[in-house]
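As structure tokens, the structure follows; a few thoughts come after it.
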Amino acid sequence: MHVLSIDLRTLRTSTAVLALTTAAVVLSGCAGSSLDQSGGGQAGDAVKIGLLVPLSGVYAPLGEDMRNGFQLYLDQHAGKLGNRTVEVVSADEGEGPQTGVPAAQKLVTQDQATAVVGVVNSATALGLRDFFHESKKPLLVANAGADDITGARKSAYVWRTSFANGKVAAPLGPAVAKEVKGGVYLIAADYAAGREMVAGFRKTFEAAGGKVAGEKYTPFGKTQDFQPFLSAIRGSDAKAVYAFYAGAEAVSFVKQYQQFGLADSTPLYGTGFLTEGGVLDAQGDAAVGVKTSLHYSSELDTPRNKEFVDAYRKAYDEAPTVYAVQAYDAASVLDKALANAPGGTGDELVKALGTVGTVDSPRGGWSFDADHDAQQKYYLREVRSTGGTVVNAVLSELS
Amino acid sequence: MKATYETATSAADRTEAVDDSRPRRIARKALVAVPVLVLLAAAPLVLGVYPVSTMTRILAFAVLVLSVDLLTGVTGLPTLGQAAYFGAGAYTAALVGIHLTSDAAVQALAGLAAGLITAALTGWVAVRARGIVFLMLTLAIGESVHQVADTWPAVGAGNGLAGMPPISLFGGPPLTAAGFVYWWVLAVAVIVFAAVALVVRSPYGRTLRGIRDNEPRLRALGYRPALARYGVFCLAGAVAGTGGALWAAHARFVSPGDLAFEVAALALLSVVIGGAGSLWGPCLGAALVLLVRDNLSASIGGHGPLVLGLVFVAVVFLLPRGLAGLTAGLTAGLTAGLRRRHRKERIP
Amino acid sequence: MVTYLVSVLNGLAMGSLLFAIALGLSLVFGMMDVLNLAHGAVYLVGAYIVVALTAGEGGLPAFVLAVLVAAAVGAVLGGVLAGLSRATPHHLDQALLTLGASLVVAETLSAVFGNEVHSVAAPASVAGSVSVFGQAYPVYRLLVIGFGAVLAVGVYVLVERSRLGSLIRATVADRGMVSALGINTGRVLVGVFAAGAGLAAVGGVLAGPILGAAPGLDEKVLLLALVVVVIGGLGSVRGALLGAVLIGQVQALGTALLPEYASFLIFGAMGLVLLVRPAGLLPARKAVPA
């Protein structure tokens, strides 16, 4: 009797487990078999676009700007891209590939998105490359800057509406070489982007006859106090500094650069992300005088940009950032491409992406180059204080 | 000072105490384990790509969590360093995949070896300590290895190591479908689980539990706890390394984030949520943590951490002995109820 | 050489902040064996309080108000945490609980203040720089060093020389014995927990003009505070002070001397100390040796 009761009990447990799992299976829904070794297409009137931007973590402010930019384009075009109603499916990229890669896989395999737009983190973009390449679905990178994305690891299915680290830093080199008489100190966060930025700057800077006074990389994401590095800069007799930081580190660096008295004696140059968006608001007056290179500034004096800035301000009550423009342009590119891809398959779409030609963007006209990277103008910007707010005034176009 | 993080009697031990005889216990476990295994194995036949690849990630992560449980739950050493060995295994497997062979078995063995060797090289620093000092030393090891991965150009530095071809098995064609990769990961995970279960039930496992519960007495009895601790540290490193190789087999991409503090912390939390000392409880904990983090965050506007935080608080108050405690309590209650009924039946 | 002297000064400023933050963590662990992983979140609450109260303006009254509000809010949070963690006896559960609480607090802060990086202006009267060893040095940091010195002396007198202090030390050494003497140790525990959390929140306010306020800062600060506590010796005021000064110097002077190894310095130093002295440099005296 006793034995039987135990068996009954365990049987009941097994049945419960079985029932639960069956329920889970039914509830989870089936979207394509997991044993299928090839990808599928999607046709029809509506089209699903996956938006993969960080909603949580340190990159969340960028994610918000990108989402706003993408949404603004949709709102301006009655929610349609290529004359097809768009359903935007959002996923949280998080801080890195650990969250970003599964999120993108969900967008493609579960939600059946026709294309995915977004990706802030470079490692995430590189980690996704093979997945999109093999699924034959287009990925429109709207921020991640690693050179490899459109370089060594380029794919027919990966396109970039933003920038490559090396290319965005390079145009500043000759300008600094011309303006500064004497050595320039290079400093950046010690991670892939920091090193690529410095390398890109250094190459054109030295080619234009510039002299490097020193080069240091600070622990990425761990440096709160830059004083030891700032002291080293002071000790090096450099006449100017080139820096690359983003986020909280950009705020700390620029503020401390001023607090330790370097701002008065040694001009600070950098790649635009040093003083872009919310970062600039937090730096405030400490950033005044910093000169940077970037492919956009909200202060850009063109009718196209003015119209965009007004619309963006009206919708979100703040000035647009480069991140918003990159996502806005991704929507714009998709608009053109989807019109030429009636079937909605990935192959049709990437073919259409190759023929979008010049994109009429708030940043100025730009087009995809042979590697699917944005070929665009870069601007020399200077932080100025006007009427209580600090902005990136545009000084000139860089060649 | 009571610096050791002893976990009192573990949930597993209590479950065993509830039951009476060994054969019955085995029969009962088999009756639960077999349907669970059958269902796990059948999953790719009915589920879509995304659920299957989620389950694959959970299985690989569960192997890492097992290694943490081996140290924290069984031996009483709370660790934040296992992600380092997980990462060592993942990077090694990816390098083998890129440069040598796509054979998944070779990759898994390479990952195991890498985890074992890295743990053997670094473990001696940590095993001298206990409690929070052990925790901090393993954290230091983990962060240092993470820093190396983040800045070493040979493994892609911060951009990670990409370009790993799909795995293949025993000379077969490359496995690109999520379901086949899942079956491989499931098979290895089950083997590792069984191996760890055997170790825990062996005399060596009893020594480890002895270290957790009363190390001075163990030493007085003539055991050498220091050697046993180093041994289990190396073993846990090998398990974590295998988990890393499985992770790489599925993701085909490794980045420094895979051995970051966050991974180590989530693994430790999975163990606590699941019930330290039980083996399957932490595996369920791993599933819960990953599901909350990856699937819930987007649907509630990126506030996944908030839910995770609430889950942690709720677990402490609602499931004092973790998920393992939940069923242990249930079965105990059931047994008691059944016994009461028997007594009633016997009264004429 | 002068460069290094400035770094030493800077290390003292960071050390002062770390001492304020680590002290509560150390005493709470020493007394209750509770590893309060929500300590960093309490710090972040202080940092956001000063952001909210001094928005745009760098006035001294607003700053002082922020210190007082932070102390009060921190103490309340500490009291709640003490109550929560006393409800569960297991160490791992307490760690899980306080970590859960810290996630909830941090997410609430990011929901209220957004995910942007916020910076805090030092009060206008002390916002400038003075020349130290011939280099510009922010006045505010000198004040932080002064605060650290005052805090160290104050806490030393309170804990090592007063009756209340002897009660605290006795509770660290042997809680059961103190309880047996008819003293309500529960009240001492909650009091120390609250005071420590209040101090951490004040640390958040004072560190505002240096470190600002941003999501994720809580984890970085918690990690540094844990290192300080472990290096110094758990439950010891003098240990926390020594650990804080040491880590401050490792961060500032160490980075100035060995910039290439900056990322490994903190954990390297910790590993070295713990290899030589596993219980930390100045561990608290215990009734029963561990």
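The values are calculated or read from the model by the stated rules, or taken from the named source; none is laboratory data. Quick caveat: nothing in here was measured; it's all calculated off a predicted structure. We place every Cβ from the backbone using ideal geometry, glycine too, and count neighbours over all the protein chains shown.
List of remarks:
- In the condition set (1) of a type outside the set (Lys, Arg); (2) free of Cβ contacts under 8 Å to residues at least 40 places away in the same chain; (3) in a helix (DSSP H, G or I), residue B:176 is compliant with all but (3).
- One residue from A:341, A:337 being surrounded by 15 or more Cβ atoms within 10 Å (Cβ to Cβ) and modelled with pLDDT of 90 or more: A:337
- Against the test of being buried (at least 16 other Cβ atoms within 10 Å of the Cβ) and either in a strand (DSSP E or B) or within 12 Å of another protein chain (Cβ to nearest Cβ) (or both), the options C:148, C:100 yield a single qualifying residue, C:100.
- Entry remark, the stretch A:249-284: residues being within 23 Å of the chain's Cα centre (by Cα) and facing another protein chain (nearest Cβ under 10 Å) number 11 in total.
- Unmet requirement for residue C:243, which otherwise passes all of (1) within 14 Å of chain A (Cβ to nearest Cβ); (2) crowded, with 19+ Cβ neighbours inside 10 Å: (1)
- Any chance residue A:381 is assigned to a strand (DSSP E or B) and buried (at least 23 other Cβ atoms within 10 Å of the Cβ): yes
- Scanning the stretch A:280-326 for residues that are of a type in the set (Gly, Ala, Ser) and farther than 23 Å from residue A:263 by Cα turns up A:298, A:311, A:315, A:319, A:324.
- Only one entry in C:111, C:127 is within 14 Å of chain A (Cβ to nearest Cβ), over 25 Å from residue C:16 (Cα atoms) and surrounded by fewer than 19 Cβ atoms within 10 Å (Cβ to Cβ), namely C:111.
- Among the residues of the stretch A:128-148, those that are buried (at least 21 other Cβ atoms within 10 Å of the Cβ) and part of a loop (DSSP other than H, G, I, E, B) comprise A:137, A:138, A:142, A:143, A:144, A:145, A:146.
- Residue within the stretch C:38-55 that is at pLDDT 90 or above, out of contact with any Cys (no Cβ under 7 Å at 6 or more places or on another chain), among the aliphatic types (A, V, I, L, M) and not in a helix (DSSP H, G or I) present: yes
- The set of residues in the stretch C:76-93 that are surrounded by 20 or more Cβ atoms within 10 Å (Cβ to Cβ) and more than 8 Å from chain B (Cβ to nearest Cβ) comprises C:77, C:78, C:81, C:82, C:85.
- For the stretch C:173-194, the tally of residues that are under 18 Å from residue C:42 (Cα atoms) and hydrophobic (A, V, I, L, M, F, W, C) stands at 5.
- Matching helices (runs of 4 or more DSSP H) fully within the stretch C:163-245 where at least 3 residues are touching a His at 6+ places or on another chain (Cβ under 9 Å): C:185-211, C:217-232
- Failed condition for residue A:319, given (1) over 20 Å from the mean Cα position of the chain (by Cα); (2) not in a helix (DSSP H, G or I): (1)
- Flag if residue A:26 is more than 8 Å from every other protein chain (Cβ to nearest Cβ), surrounded by fewer than 21 Cβ atoms within 10 Å (Cβ to Cβ) and modelled with pLDDT of 90 or more: no
This table checks each residue for (1) touching a residue at least 60 places away in the same chain (Cβ under 8 Å); (2) more than 19 Å from residue A:373 (Cβ to Cβ).
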residue: A:132; (1), (2): no, no
residue: A:136; (1), (2): yes, yes
residue: A:140; (1), (2): yes, no
residue: A:146; (1), (2): no, no
residue: A:152; (1), (2): no, no
residue: A:167; (1), (2): yes, no
residue: A:175; (1), (2): yes, yes
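- Close pairs (6 angstrom Cβ cut-off, 6 or more residues apart or separate chains): facing chain C (nearest Cβ under 9 Å) in the stretch A:219-244, of a type in the set (D, E, K, R) anywhere: A:219/A:190; A:220/A:190; A:229/A:216
- Filtered by the rule that a residue be farther than 16 Å from residue B:86 by Cβ, more than 8 Å from chain A (Cβ to nearest Cβ) and assigned to a helix (DSSP H, G or I), the stretch B:148-162 gives B:153, B:154.
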